């Protein structure tokens, strides 16, 4: 069931050259980002030291103070959804795991990457 929070957080990391994340709350383990999303994440984290070891990714379907990117829905494909980051003219596909966080594919996803604090 999708989360009812308006702000959500995951902690992506690199494993064997792929960005992925775990979220026990929604039964996801080593869920990979593919099809354009790794390139988008690389830009998100370019100023975060040791981001490959893990960083905090805040996201919401509503704008929030300090958001870094607005991903705009383009189309559904293969059970997932394509989004565009217009600032960089990049597209990325989010797999059906998106529906662990949203009841339906949001028209906009606002994101911000921050250094992980332990």
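Structure values in brief
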| read-out | value |
| --- | --- |
| Mean Cβ count within 10 Å, highest first, over the residues of peptides 107-115, 47-55 | 107-115, 47-55 |
| Label point distance in nm, residue 43-residue 76, each placed 7 Å from Cα along Cα→Cβ | 2.7 |
| Highest average packing first - 37-45, 97-105, Cβ atoms within 10 Å | 37-45, 97-105 |
| Along principal axes, Cα extents of the chain, largest first, whole Å | 33, 32, 30 |
| Gain on full stretching of the segment that runs from residue 35 to residue 107 - 0.36 nm per residue minus C-alpha separation | 24.0 nm |
| Rel. contact order, % - alpha carbon contacts under 8 angstrom, at least six apart, the chain | 32 |
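Read-outs: derived from the displayed coordinates by stated rules, not from any lab. All of these numbers come straight from a predicted model, not from anything done at the bench. Virtual Cβ from ideal backbone geometry, glycine too; neighbours counted across all protein chains shown.
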